[in-house]
Structure formats: structure tokens, C-alpha cells
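*Asks:* Dropping the structure in here first, questions after.
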Amino acid sequence: MSTWRRKALEFLPQFRIEIEGADTVGYLWVEISSSFYHAVESGEQNFIDGTLKYLIWSLSDNSGEEAKQAVSCGFLEDITSNRKHWQYFSSWFTKAQFEQYKGSFMYALSDKELKELTDVFYAR
């Protein structure tokens, strides 16, 4: 079993069917992204926490380039698309993480929108 799949099962055991069915880590992050937004809306804290832990692992030196690219493109670039979720960024990410991920966030935002997101994040 691949490391990315094993780690996904560790952090998101309730997502086993989707993890085992994913052909690539990129496809998995697309699936996670879709389910993450639903989890935020319905208050499924276990899924939110597991996703954020998997995100941190995916961007670590232990994960490899494929996992890093997948989470950056399949999740971080997309997470800013729902402005309602911006209010949660300060609870999801530390300041250091926010700054680290900003390059991915800005991919899907205009300069004005990135400033707005940054203002919301630092207003905590």
C-alpha cells in the first residue's frame, strides 16, 4: 500500500471506501475537498480535523512531491472558493501555515480577494 494511502487511512478512517478507490493522490484530494465542504456545513469536526492533519502530512518532507502537488492543487487552491469558509481559516491554520499556504490560496483569487482573505484571517 502506498504511503499516501496509508496516511489517508490513518487520518480519515471514515473515508476508507474513497481512499481505497482513489487511483491517485490527486484524485483523492479532489474527493476530500468535496467532502470537506460538506463536513464544514454539517459540523463534522472529525472529518475536518482529519483532513487538516492529512494536509499537514501531505506538505511535509515525508510525503513526497506527488502528495505535495496534489494537496496544493486539489485542495488549497480550491479551499478559498467559498467565502463562507474564510471565517474558519484562523481556527484551521496557524499564522505560519497561512503564510506557507498563501501561494496556493492566491492561485484562485484576485489580488483584492487575497487581501480580503488575509484581513479576515488576521482579524482574529
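The values are calculated or read from the model by the stated rules, or taken from the named source; none is laboratory data. From a predicted model like this one, the values you see are computed outputs, not experimental measurements. Using ideal geometry, Cβ is built from the backbone for each residue, glycine included, and neighbour counts are taken over all protein chains shown.
*Asks:* Could you tell me whether segment 37-47 includes any residue that is under 11 Å from the mean Cα position of the chain (by Cα) and at pLDDT below 95?
*Replies:* yes
Listed here are the residues, each with its yes/no results for (1) surrounded by fewer than 12 Cβ atoms within 10 Å (Cβ to Cβ); (2) in a loop (DSSP other than H, G, I, E, B); (3) charged (D, E, K, R); (4) on the phi > 0 side of the Ramachandran plot.
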| position | (1), (2), (3), (4) |
| --- | --- |
| Phe15 | no, no, no, no |
| Tyr27 | no, no, no, no |
| Gly50 | no, no, no, no |
| Lys53 | no, no, yes, no |
| Asp61 | yes, yes, yes, no |
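*Asks:* Right, another one. Restricting segment 63-100 to residues that are β-branched (Val, Ile, Thr) and surrounded by 14 or more Cβ atoms within 10 Å (Cβ to Cβ), which is farthest from Asp119 (Cα to Cα)?
*Replies:* Out of the qualifying residues, it is Val71.
*Asks:* While we're on this one: Could you tell me whether segment 64-76 includes any residue that is assigned to a loop (DSSP other than H, G, I, E, B), more than 23 Å from Val120 (Cα to Cα), at pLDDT below 95 and not charged (D, E, K, R)?
*Replies:* yes
*Asks:* Would you be able to tell me the number of residues in segment 1-13 that are assigned to a helix (DSSP H, G or I) and under 14 Å from Asn46 (Cα atoms)?
*Replies:* Qualifying residue count, segment 1-13: 5.
*Asks:* Which is closer than 23 Å to Arg124 by Cα, of a type in the set (Gly, Ala, Ser) and modelled with pLDDT under 95, of Ser81, Ser2?
*Replies:* On inspection, the qualifying residue turns out to be Ser81.
*Asks:* Six or more apart or on different chains, Cβ under 9 Å: which pairs go from a residue in segment 76-92 that's closer than 17 Å to Met106 by Cα and without any contact (Cβ under 8 Å) to a residue 40 or more places away in the chain to one that's hydroxyl-bearing (Ser, Thr, Tyr) and part of a loop (DSSP other than H, G, I, E, B)? Could you list them?
*Replies:* Trp86/Thr80; Phe89/Thr80
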